[in-house]
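Working notes, structure below.
The values are calculated or read from the model by the stated rules, or taken from the named source; none is laboratory data. For clarity, every value in this text was computed on a predicted model and none was experimentally measured. Cβ sites come from the backbone with ideal geometry, for glycine too, and all protein chains shown count toward neighbours. Only protein heavy atoms, including side chains, enter the accessible area calculation; ligands, DNA and RNA are left aside. Shrake-Rupley method; radii C 1.70, N 1.55, O 1.52, S 1.80 Å.
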Amino acid sequence: MPSRRTDDEYVVRYHVVPLDIPLLRFPGGTVVLNTGTDSVSELTVAEFLLEQLDALGVDSVFGIPGGNISAFIQALREHPKIKFIIASHEGGAAFMADGYARSTGKLGVCLVTAGPGALNALTGVASAHRDQVPLLVVGGQVRTDLFGLRALQDSSDLGTNMTAMYSHVSGFSTGLSDPGSFPRILSQAINVATGPRPGAAYLSVPADIARMPVGDEKATVVARRPGMELDPAEARRVLGALSQARRPLIFLGNGARQALRSDQSSLREIAHTLGVPVVTSMRAKGVFPESDDLCLGVLGTAGTERAASYAAAGVDALLVIGSGLGEWATRSFDRDLAAVSSYFHVDLDPTVFAQFLKGGEHIQADAEIFLRGLRRELPGLGEVKRAPTLSPSSSRPTPVPLPRDSGTGVSPAAVMLALNDLLTGQDDLYIDMGNCTAWATHHLVIDPPTRVFYPCGLSSMGWSCGATVGGRIGDGNRVATALVGDGAFLMNGNEVRTAAKNRVGAIFVVLDDGYLGMVNHGEHAQNGGRFSLADDFYGLGAVDLAQFSRALGADAYVVEKAEALRGAMGEARSAAARWSRPQVVVVKIDYRVSPPYGERFAAVAGDAR
């Protein structure tokens with residue numbers, strides 16, 4: 001039987017896995033196990049999995065069917081709540097599960113068959129894991145009696161060893177050898193996927209074991225990890241350093257996203273009371289309002305001139321919250337940031353400490369608890385007297401005039417300005433990898449509750465084509481829009497068909513310049529223009545992306561002039577909501593416009609200074 005929910009508790013008929021999860025929040029904070037006379041011994045492994053997903057509030061599983069996962073497919077067909085979304089490719093299914101998790105805060109789930117099915121999903125799973133997205137992958141496996149017999153799609157350690165492969169791109173990877181141990185192993189996998197450092201977990205389940213009963217093993221349940229309050233003395237030390245500094249800075253990473261979603265006011269009060277400017281990493285873009293006087297925008301690759309200038313002028317007290325300070329966040333490990341004389345680094349994951357920045361103080365804490373602790377001690381700080389480090393003109397985004405059409409396409413900046421005008425607060429933007437990443441980071445102005453998501457960890461092209469579909473399925477009240485280049489759209493744009501079949505009103509804005517633009521501009525910058533941007537080496541040919549999209553079941557629009565862009569986007573947004581049909585806006589952009597990637601192109605060439 002499925003779970004039923006009351007206002008203050010979840011009641012579950014069978015087992016519920018033990019949870020230690022910051023992302024999954026249940027009303028009342030408790031999952032209550034029904035201790036009646038019902039036995040779990042009748043549930044098969046496949047059925048048990050769905051009961052647990054249902055208890056966690058997961059209502060969609062993404063994948064592609066196959067013979068070795070037929071037990072799971074049959075269980076999904078009969079389940080009253082959980083939908084099975086059949087993708088066009090397992091890689092797209094993994095991207096959908098990733099987008100679903102980001103949109104909802106729930107566990108993303110991907111179901112793939114043995115052999116090539118699991119292999120096809122590998123990139124999407126690795127991408128989610130690098131971005132710390134909670135993802136559970138259940139992979140099929142041949143029957144146990146066929147191990148080592150050269151059976152078709154044998155993925156055991158005697159065949160194509162899938163658990164070994166996944167162990168390198170996930171935080172948990174194992175094969176099931178006994179149905180009775182499945183409740184325990186599943187709980188371990190979910191706890192790893194949704195723990196303090198979220199990521200991917202992989203379970204390989206043989207076809208015969210998937211049909212066997214799980215038995216009567218019990219599982220205890222804890223729906224929330226108990227949080228420890230920040231030591232008041234530590235809070236006062238951080239506040240004191242920021243208040244006394246000449247040029248302080250708060251740096252927010254994606255690890256602060258959930259905290260600021262729950263409580264935006266704490267950080268704003270701290271920043272404004274102390275007069276401390278705020279920057280974000282690319283992945284955290286928009287978690288703090290970019291229109292706020294104290295927000296300098298993104299400090300990192302393709303970030304704002306305001307943030308880069310402030311860092312270059314020197315920072316003497318830095319507070320980093322929820323960032324691993326990787327290459328994207330630090331502008332390819334910029335020396336200006338590395339020269340900070342005093343810093344505090346706050347994160348739940350201690351492995352990020354002392355990697356890029358040396359010395360300093362490290363505080364292992366949940367971002368929400370940390371900010372609440374600072375705010376509690378703020379009144380005792382007294383009046384902060386410091387010469388202002390920002391003027392309104394330097395802190396606010398500089399208005400960008402609408403670029404004129406060049407005759408060879410729309411300026412990419414004009415596309416971003418049109419998107420800025422359309423954002424309502426109910427938007428989720430899924431930004432792909434390529435030149436579009438830089439233009440979006442540099443030009444979009446994002447204020448909560450609008451959200452922006454990037455696959456920065458692995459930088460997977462084509463990610464947004466699946467993630468947007470999964471995100472829209474996860475939360476149909478949000479406007480889900482992919483911003484993607486034409487090269488990436490040709491990789492995974494077939495997932496438009498998945499959106500059409502499932503009546504998903506996702507929107508795809510395709511920047512069509514006819515080239516693999518990022519490598520084209522990168523090579524051009526690195527070799528001093530030795531090869532022309534018009535060279536056909538990176539050309540994609542004459543592809544009609546609008547016709548391609550219509551053939552997959554979408555409405556499509558072609559935009560060749562900047563003045564037509566807002567109208568096409570407005571029509572696409574209305575049609576997506578009205579008809580629950582995917583919308584593709586193909587914008588013919590000027591291939592000559594270089595993205596703001598300067599230091600990134602140099603770093604890739606190996607001669608960054």
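Overview of values
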quantity: Criterion violated by SER549 - all others in (1) within 22 Å of ALA418 (Cβ to Cβ); (2) open to solvent by 40 Å² or more (accessible area, probe 1.4 Å); (3) touching a helix residue (DSSP H, G or I) at 6+ places or on another chain (Cβ under 8 Å); (4) polar (S, T, N, Q) satisfied; calculated: (2)
quantity: Hey, ILE69 farther than 25 Å from ASN477 by Cβ, hydrophobic (A, V, I, L, M, F, W, C) and either touching a Pro at 6+ places or on another chain (Cβ under 9 Å) or open to solvent by 10 Å² or more (accessible area, probe 1.4 Å) (or both) or not; calculated: no
quantity: Residue within segment 99-114 that is free of Cβ contacts under 8 Å to residues at least 60 places away in the same chain, part of a helix (DSSP H, G or I) and over 19 Å from the mean Cα position of the chain (by Cα) present; calculated: no
quantity: Search result, residues across segment 141-200 that are β-branched (Val, Ile, Thr) and free of Cβ contacts under 8 Å to residues at least 24 places away in the same chain; calculated: ILE185, VAL192
quantity: Conditions (1) assigned to a loop (DSSP other than H, G, I, E, B); (2) of a type in the set (A, V, I, L, M, F, W, C); (3) open to solvent by 10 Å² or more (accessible area, probe 1.4 Å); number of the one not met by ALA413; calculated: (1)
quantity: Filtered residue count, segment 446-457, keeping only those that are within 21 Å of ARG566 (Cα to Cα) and touching a strand residue (DSSP E or B) at 6+ places or on another chain (Cβ under 8 Å); calculated: 4
quantity: Subset of segment 516-544 (residues that are outside any helix (DSSP H, G or I), surrounded by 11 or more Cβ atoms within 10 Å (Cβ to Cβ) and not small (Gly, Ala, Ser)); calculated: LEU516, PHE531, LEU533, ASP535, LEU540, VAL543, ASP544
quantity: Output for segment 346-382, where each listed residue is part of a strand (DSSP E or B) and under 22 Å from the mean Cα position of the chain (by Cα); calculated: VAL346, ASP347
quantity: Sole exception among (1) crowded, with 20+ Cβ neighbours inside 10 Å; (2) more than 14 Å from the chain's Cα centre (by Cα) for PRO449, by number; calculated: (1)
quantity: Residue among ASP98, ASP59 that is modelled with pLDDT of 95 or more, open to solvent by less than 40 Å² (accessible area, probe 1.4 Å) and of a type outside the set (Gly, Ala, Ser); calculated: ASP98
quantity: Residue within segment 143-150 that is open to solvent by 40 Å² or more (accessible area, probe 1.4 Å) and of a type in the set (Val, Ile, Thr) present; calculated: yes
quantity: Failed item in (1) open to solvent by 40 Å² or more (accessible area, probe 1.4 Å); (2) touching a Phe, Trp or Tyr at 6+ places or on another chain (Cβ under 6 Å), with ALA201 passing the rest; calculated: (1)
quantity: Test: ALA121 is in contact (Cβ under 8 Å) with a residue 60 or more places away in the chain and either assigned to a helix (DSSP H, G or I) or under 20 Å from THR498 (Cβ atoms) (or both); calculated: no
quantity: Tally, over segment 486-499, of residues that are open to solvent by 30 Å² or more (accessible area, probe 1.4 Å) and not polar (S, T, N, Q); calculated: 3
quantity: Search result, residues across segment 305-327 that are open to solvent by less than 20 Å² (accessible area, probe 1.4 Å) and under 26 Å from the mean Cα position of the chain (by Cα); calculated: ALA307, LEU318, LEU319, VAL320, ILE321, GLY322, SER323, LEU325
quantity: Filter result for the condition that a residue is more than 19 Å from the chain's Cα centre (by Cα) and at positive phi, over ARG335, ARG331; calculated: ARG331
quantity: Residue check, SER103 open to solvent by less than 20 Å² (accessible area, probe 1.4 Å), more than 28 Å from LEU325 (Cα to Cα) and hydroxyl-bearing (Ser, Thr, Tyr); calculated: no
quantity: Condition broken by SER459, with the remaining ones in (1) open to solvent by less than 30 Å² (accessible area, probe 1.4 Å); (2) under 26 Å from ALA284 (Cα atoms); (3) hydroxyl-bearing (Ser, Thr, Tyr) satisfied; calculated: (1)
quantity: Which numbered condition LEU158 misses (of (1) crowded, with 20+ Cβ neighbours inside 10 Å; (2) of a type outside the set (Val, Ile, Thr); (3) touching a Gly at 6+ places or on another chain (Cβ under 6 Å)); calculated: (1)
quantity: Tabulated pairs, segment 223-239, first within 30 Å of ILE190 (Cβ to Cβ) and at pLDDT below 95, second open to solvent by 40 Å² or more (accessible area, probe 1.4 Å) and of a type in the set (Ser, Thr, Tyr), C-beta under 7 angstrom, 6+ apart or interchain; calculated: ALA223/THR30
quantity: Residue ID - nearest to the chain's Cα centre (by Cα), chosen from residues in segment 59-98 that are within 25 Å of PRO179 (Cβ to Cβ) and among the basic types (Lys, Arg); calculated: LYS81
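So that you can scan it fast, the table gives a plain yes or no per residue for (1) hydrophobic (A, V, I, L, M, F, W, C); (2) in a helix (DSSP H, G or I):
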site	(1), (2)
GLN52	no, yes
ASN68	no, yes
PHE72	yes, yes
ARG77	no, yes
PHE84	yes, no
GLY92	no, yes
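Residues checked against (1) open to solvent by less than 10 Å² (accessible area, probe 1.4 Å); (2) over 14 Å from GLY409 (Cβ atoms); (3) touching a residue at least 24 places away in the same chain (Cβ under 8 Å):
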| position | (1), (2), (3) |
| --- | --- |
| GLY553 | no, yes, yes |
| ALA556 | no, yes, yes |
| GLU563 | no, no, no |
| GLY570 | no, yes, yes |
| ALA577 | no, yes, yes |
| GLN583 | yes, yes, yes |
| LYS588 | no, no, yes |
